[in-house]
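The values are calculated or read from the model by the stated rules, or taken from the named source; none is laboratory data. In this text the structure is predicted, and so the values were computed from the model without any measurement. Ideal geometry is used to build each Cβ from the backbone, glycine not excepted, and the neighbour counts take in all protein chains shown. Only protein heavy atoms, including side chains, enter the accessible area calculation; ligands, DNA and RNA are left aside. Shrake-Rupley method; radii C 1.70, N 1.55, O 1.52, S 1.80 Å.
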Amino acid sequence: MHRTGLYVLPLCLAFLALATSLTPSLIPRDWLVQGVLGGIVMGVGYLIGRFFVACWRLLELPEPKGRTVRIARIVVGVPTALLLVWCLFSARDWQNGIRERMGMDLLESSNTLRMLALALVVFGVLVLLGYALQWLFDRVRFRLYRFMPARTANLAGFILTALALIFLARDGVVNRVIIALDDSVTLAQRLFADAPPPPEARGLTGGAGSLVDWGALGQPGRDYILSGPDATDIAAFTGRDAMRPIRVYVGRAQADTAQRRADVALAELIRQGGFEREVLIVAMPTGTGWMDPGAMDPVEYMHGGDIATVAVQYSYLQSPLALILETRSGLDQAEALITSIHRYWRDLPEDTRPRLYIHGLSLGAWSSMHGTDLFVLLDDPIDGALWAGPPFPSVRWQNVVASRNADSPFVAPVLADGRLVRFASHYKDAGGPEGWGGMRIVYVQYASDPIVFFTPSSAFRAPPWMNEPRAPDVSPDMRFIPVVTQLQLAVDMMLANTAPEGHGHAYYARDYIGPWVAVTDPGGWSAKDTARLIAHCDGGFQEGCNPDGPGDAAAALP
C-alpha cells in the first residue's frame, strides 16, 4: 500500500467518528462542547485506524498500490463524506429534540463552521501529541537496538514509554493537581472574605460553646448552618407549634482524619440534643461539601422541626473530580461517621431514641451507601435511607438494580413487592408510606442522569437502558455507537449539572418530597400537605423551601 493510501483508513475513521459524535446523548451540547468532543473522537478514530495499519504492516501483508488505492479512497471516502454532511445538517434538530424534552430554549443555529473549526484544531493538537509520543518511543527503541533484536527492542521500548507516561500522570501531574486544588480551595474557604461572623447562640453549630470550629467550616458548611427554615417558618406553614431543626456540620479542616471529624460531629450532635429529636438523619454532602437545601428543607417542614441532621465534609472538589481523584476520602468519612452515630444510637433505649435515616446526593449517596454496614444493620437496623443520583460505580446500587423484577426497566426498577426498596424519579413516585416492611429505602434517579447511567463497557456494547423504551426526557434518536457513545456519556457526566431542574444530575426539591414522605412517614401528613409543600418549594431546588433564602438561623432561637 502506497503511503498516501495507507492513511485513507485512519482519516476516514476520524471523520466518521466526528459525524457520529453529532448524534444526541443524554445532555444537550452547544457548539463549543460539541467541537471539543468532535476533535477528541476524531483523534480516537484516527488512532484506531493507525492501529489497524500498524497491524497490517506487522503481519507483512501485501500493500495495495495504484488503481486499488484510488478505488479504495472513493469507496471509503465518499460514504464517509455523505454521512458527515447528513449529520451536520441533522445536529441542530437532534440537540433541540433533547432541549424540548427538558423544557429548554431551542437552538436557532448549530454554529456548524465554528464547531468544525474547533474540532479540527483539537484534532490537530492531539495528532501533534501523538507524534511527540511516537518520537519518544522511537528514541527509546532505537537505543535498545544496540543491545537486543529489533522486535524485542520495539516491545521493550513500548513498555518503557508506557510506564514513563503512567508514572508522570499518576505520581507527577495528577498528584500535583490534587494537592494544588485542595490547597487552593482550603485556603479560599478559610479566608472566605464575605463569611458572616460566628453565631452567638449556644444552640448552633459553630456558635458559643460549640465543639465545631466556625473558621474550619468553609462556605458550604456556613451556608448550611445559617440557612433553611426556622421554627417560625415551619409553624407558619403547618399551622402548629414547631421546633428549630438541629443542623450539625463539621468541615474537613476541623481535623486531619475522618475518624476525628466523626468524633467531633457525634459530640456536637449530643451537645445540641440531636438524639432527643423524633428523627435523626446522617447525611453525606457532595464532593465540595455542599448540602442540597432542596433535600433537607422539605423533611424539616414535614416533621415540624423535630429533627436533627449531621454531616461531615470530606472533599473540596466537585463530585466528578472527587470521584476520580479522591475516591477513598468520601468512603472513609462515611464509614467513620455512620458507624460512630449508629453505635451511639443503638445503645440508647429503643422507646426513646430517634428514628435513624441515612441520606446522600451524588457522591454523598455513593459514600453513604458504602458506609452503611449491612451486617451491622442485621443486629439493629436503621429505619431507612434516601439516596439521590447514586453514581454508577456504587456496587450497592448495581446489586439492587440487578435484583429488579424481570419486567421492570433498568432506569426505573421494581424490586419484589416494594417492601424494602423503591425507586422514584421526576416521572415516578415512591408509592407513599404504605406497604413497607421494617426498613424503607428509596433511590431517586433521573433517566437522563449520566452520573447514574454511565456504563464503562459502553465502549463495546450498548448499556442495558439503551435497549429499552426511552424515558420522557431521553431522545429517541440516541443510538449506540461503539467507542463514540462512551465518550459522549463521559462528556455528559461533565455537563450533568447544567441540565434544567428535574433532569440530568439537577435534583430539586419537589422530587425529594414524595420519597421523604414514603421513607420517614411523618405523623398526620396527608396528600394535601404534600401538594402544599411542593407548591411552597417550587421556587427551585437551589433555594430549598425557604422563600426568603439563607438567613440567620440564630435569630430564631429562644
- Message: Can you pull out every residue in the range 463-472 that is in a loop (DSSP other than H, G, I, E, B) and open to solvent by 30 Å² or more (accessible area, probe 1.4 Å)?
- Response: 468, 469, 470, 472
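Residue by residue, here is whether (1) touching a Ser or Thr at 6+ places or on another chain (Cβ under 6 Å); (2) assigned to a helix (DSSP H, G or I); (3) under 19 Å from residue 365 (Cα atoms); (4) not aliphatic (A, V, I, L, M) holds:
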site	(1), (2), (3), (4)
222	no, yes, no, yes
235	no, yes, no, no
249	yes, no, yes, yes
256	no, no, no, yes
266	yes, yes, no, no
281	yes, no, yes, no
330	yes, yes, yes, yes
- Cross-chain or 6+ apart pairs with Cβ under 7 Å, the range 347-360 first and more than 16 Å from residue 247 (Cβ to Cβ) and open to solvent by less than 60 Å² (accessible area, probe 1.4 Å), then of a type in the set (S, T, N, Q) and assigned to a loop (DSSP other than H, G, I, E, B): 358/372
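Please specify each residue of the range 434-461 satisfying the condition of being touching a helix residue (DSSP H, G or I) at 6+ places or on another chain (Cβ under 9 Å) and open to solvent by 30 Å² or more (accessible area, probe 1.4 Å). So that I can check it myself, show each step before the final result.
So in the range 434-461, the residues touching a helix residue (DSSP H, G or I) at 6+ places or on another chain (Cβ under 9 Å) come out as 434, 436, 439-460.
Hits for the range 434-461 are 434, 439, 440, 456, 457, 460.
Name the residues in the range 92-139 that are aliphatic (A, V, I, L, M) and more than 27 Å from residue 498 (Cβ to Cβ), would you?
Looking only at the range 92-139, we keep the residues that are aliphatic (A, V, I, L, M), and these are 98, 102, 104, 106-107, 113, 115-122, 125-129, 132-133, 136.
Of everything in the range 92-139, those that are aliphatic (A, V, I, L, M) and more than 27 Å from residue 498 (Cβ to Cβ) turn out to be 127, 128, 129, 132, 133, 136.
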- Item | Residues satisfying the stated conditions in the range 353-382, i.e. touching a helix residue (DSSP H, G or I) at 6+ places or on another chain (Cβ under 8 Å) and part of a loop (DSSP other than H, G, I, E, B) | 353, 354, 362, 372, 373, 380, 382
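Return yes when residue 415 is in a loop (DSSP other than H, G, I, E, B), within 25 Å of residue 517 (Cβ to Cβ) and of a type in the set (A, V, I, L, M, F, W, C) and no when it is not.
On the way: in a loop (DSSP other than H, G, I, E, B): yes; within 25 Å of residue 517 (Cβ to Cβ): yes; of a type in the set (A, V, I, L, M, F, W, C): yes.
Against the criterion (in a loop (DSSP other than H, G, I, E, B), within 25 Å of residue 517 (Cβ to Cβ) and of a type in the set (A, V, I, L, M, F, W, C)), residue 415 qualifies.
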- Task: Please indicate, with yes or no, whether at least one residue in the range 321-333 is surrounded by 24 or more Cβ atoms within 10 Å (Cβ to Cβ), modelled with pLDDT of 90 or more and not β-branched (Val, Ile, Thr).
- Result: yes
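Kindly indicate whether residue 520 is at pLDDT 95 or above and either open to solvent by less than 20 Å² (accessible area, probe 1.4 Å) or among the β-branched types (Val, Ile, Thr) (or both).
So residue 520 fits the description; yes.
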- Considering (1) at pLDDT 95 or above; (2) crowded, with 24+ Cβ neighbours inside 10 Å, say which one residue 45 fails and leave the rest. (1)
